[in-house]
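A short write-up of the structure that comes next.
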């Protein structure tokens, strides 16, 4: 069983997330992709995020039509900041040793991986599925290998066939009353309106 792991704040989930998940499934033959919303993302400690219940509901709406996609609550059920090494450890215990874990991240995130908590253990526990992003150059794998031995053998690069969408732009648009059509699934955009999310961002 090949299982993709796509972690993040998902504040909100958008078409870019779904595009990366779809590309990973097609290019790597993944059986499932787990969307793992963070409880307290340590890299975004300076900004308030929407309550977990809203972020989870938006993910449910976004993935409803694709049976390959599921939500994992492992980060939400753990106290404190969400670290990838803990996420993967919990999933390994939950799914068993036969499951192949494919952690999906962007090229920009890969560049900073050496500064994450226990990056060596992350490399040991999973394959790293790296999505190219517009405007982000391919990282120097030799230099990264020098910092994290063995990582170059665990990296698979895929194309992010969608566009460079980000949650910050969606929140900004919502705050000033602009449409997010084409950026987020219609059901997610409707949920944001009905629950008055991100209005305070303006």
Residue order, fewest to most surrounding Cβ atoms within 10 angstrom, among 167, 89, 65:
65, 89, 167
Can you compute log10 of I(q)/I(0) for the range 112-156 with the Debye formula, treating each Cα as one identical point scatterer, at q = 0.15 Å⁻¹?
-0.37
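To the nearest µm²/s, what D does Stokes-Einstein give for the range 69-154 at 20 °C and 1.002 mPa s, using the Kirkwood radius over alpha carbon pairs as Rh? List each step's numbers first, then the result.
On the way: Rh = 14.0 Å.
For the chosen part, D equals 153 µm²/s.
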Most mobile of 131, 50, 62 in a GNM of the chain (Cα contacts under 10 Å):
50
Once each part is reduced to its C-alpha centroid, what is the distance from the range 150-202 to the range 82-121 in angstrom?
23
Out of 91, 105, 148, a Gaussian network model of the chain with alpha-carbon springs under 10 Å gives the largest mean-square fluctuation to 148
Output the relative contact order of the range 96-202, whole-number percent, from Cα pairs under 8 angstrom with separation of 6+ residues.
22
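Defining a contact as two alpha carbons under 8 Å apart and six or more residues distant in sequence, what relative contact order in percent does the chain show?
On the way: 318 pairs, mean separation 52.4, N = 202.
Answer for the chain is 26 percent.
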Tally the DSSP beta bridges in the chain and give the antiparallel ones as a percent, rounded to 5.
0
With Cα springs under 10 Å, the Gaussian network model of the chain assigns the largest mean-square fluctuation among 51, 119, 185 to 51
Treating the angle as unsigned and between 0 and 90°, give the value, to the nearest 10°, between the Cα long axis of helix 15-28 and the longest Cα principal axis of the chain.
30
In whole Å, how far is the Cα centre of the range 1-35 from that of the range 61-75?
9
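Give the average over all directions of the projected area of the C-alpha convex hull of the range 2-164, one decimal, in nm². All intermediate terms of the calculation are to be shown ahead of the outcome.
Details: hull surface 36.9 nm².
Answer in nm², one decimal: 9.2.
Any read-out appearing in this document is the output of simple, stated calculations on the displayed coordinates, not a laboratory observation. Fair warning: this is a prediction, and the values are worked out from it, not measured in the lab. No Cβ is skipped: glycine too gets one built from the backbone with ideal geometry, and neighbour counts run over all protein chains shown.
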